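Everything below concerns the one structure shown next.
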Ligand code: AMP
Ligand code: MG
């Protein structure tokens, strides 16, 4: 089978080769080693989260609305008995709703985002990927970042211990994780990161997400994973809670991998107040009516919470040391590339 890329995208750039045909990809020793390590990471996630009282739920893949917060990505519509439905770009709305059933939940969910064509060469973007999605009622940002840290350390420790042959085969020296496992993850602010990037000569906007290049740059300058906290309002979805003590700043965070691998995880304390959620939706120029089922639940009340999503292919790429995220997916879909 031949895979084709749109002419606009030069996928032959170093670091972003096209996936081979499915047979070559699935039988490659590199793919097999990466998928074994990925399976170990997922087993480790289930072990850690269920061990800490989180209940695993199966995520919906379609619904009347989905997360509007994905930067620059298009949503996929489908016809649901004459109604326009969406494929999930993230599980966020359902994660908050699930807290009506259990206080601590997680799911391992597929997400579809038609990412802009210019992301085909970032080595980090797929049009279909997976997240380990976690949400905890009543949690603060400090409590939920402690879960992220404990979870990542548990997953990494588990695969380092169980898959030495696979790491050797991939040429990944697991000494890269010694400090990760021993030390606590550093915490920086968004504004501090903007200042650092400007000092490095990168013109990062103080009012926006850290852009692709900036993300790769700070990641290359880091030796260990670290959190960035306090993103500006407007850079994220309406569900990230605004800090009442510091309007304009969100009680959210990202986890950034070292060695240039970039963002692994985004999370936040959530906005649970109905009136503020509606106001935030309006601020982004959207019609709240679109979020009917979600807002009906919020109006009656769902628990305040905090949560996060870790990209499975992103994490696997960092842990395996592979060149591109698609190498860690059995049936990779690069943005704009026609593939099975
Ligand atoms: P976001 O909601 O955009 O912060 O996404 C949550 C996490 O999913 C990110 O921290 C990444 O690890 C992962 N992720 C987001 N978009 C993509 C993508 N297009 N391809 C692969 N992983 C992604
Ligand atoms: Mg993010």
Some residue of region 96-105 being within 16 Å of the chain's Cα centre (by Cα) and modelled with pLDDT of 95 or more: no
Close pairs from region 260-279: first assigned to a helix (DSSP H, G or I), partner near ligand 2 (Cβ under 10 Å from one of its atoms) and at pLDDT below 95, Cβ under 6 Å, at least 6 apart: none
Hey, residue 91 within 26 Å of residue 212 (Cβ to Cβ), surrounded by 20 or more Cβ atoms within 10 Å (Cβ to Cβ) and out of contact with any strand residue (DSSP E or B) (no Cβ under 9 Å at 6 or more places or on another chain) or not: no
Failed criterion for residue 319 (all others in (1) buried (at least 16 other Cβ atoms within 10 Å of the Cβ); (2) closer than 19 Å to residue 135 by Cα hold): (2)
Qualifying residue in region 223-235 (condition: more than 15 Å from ligand 2 (Cβ to nearest atom), in contact (Cβ under 8 Å) with a residue 40 or more places away in the chain, crowded, with 17+ Cβ neighbours inside 10 Å and under 25 Å from residue 325 (Cα atoms)): yes
Of all residues in region 204-217 being in contact (Cβ under 8 Å) with a residue 12 or more places away in the chain and in contact with a helix residue (DSSP H, G or I) (Cβ under 6 Å, 6 or more places away or on another chain), the one that is nearest to residue 152 (Cα to Cα): 214
Residue that is farthest from the chain's Cα centre (by Cα) [pool: residues in region 60-94 that are assigned to a loop (DSSP other than H, G, I, E, B), away from ligand 2 (no atom under 14 Å from the Cβ) and touching a residue at least 60 places away in the same chain (Cβ under 8 Å)]: 64
Number of positions in region 104-114 that are surrounded by 23 or more Cβ atoms within 10 Å (Cβ to Cβ) and within 16 Å of ligand 2 (Cβ to nearest atom): 2
Selected residue (criterion: nearest to ligand 1 (Cβ to nearest atom)) from residues of region 243-262 that are surrounded by fewer than 21 Cβ atoms within 10 Å (Cβ to Cβ) and either over 18 Å from the mean Cα position of the chain (by Cα) or farther than 16 Å from residue 193 by Cβ (or both): 259
Condition met for residue 101 (surrounded by fewer than 23 Cβ atoms within 10 Å (Cβ to Cβ) and either touching a strand residue (DSSP E or B) at 6+ places or on another chain (Cβ under 9 Å) or more than 15 Å from residue 60 (Cα to Cα) (or both)): yes
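The values are calculated or read from the model by the stated rules, or taken from the named source; none is laboratory data. A quick note: this is a predicted structure, and the numbers were derived from the prediction, not measured. Every residue, glycine among them, receives a Cβ derived from its backbone with ideal geometry; neighbour counts consider all protein chains shown.
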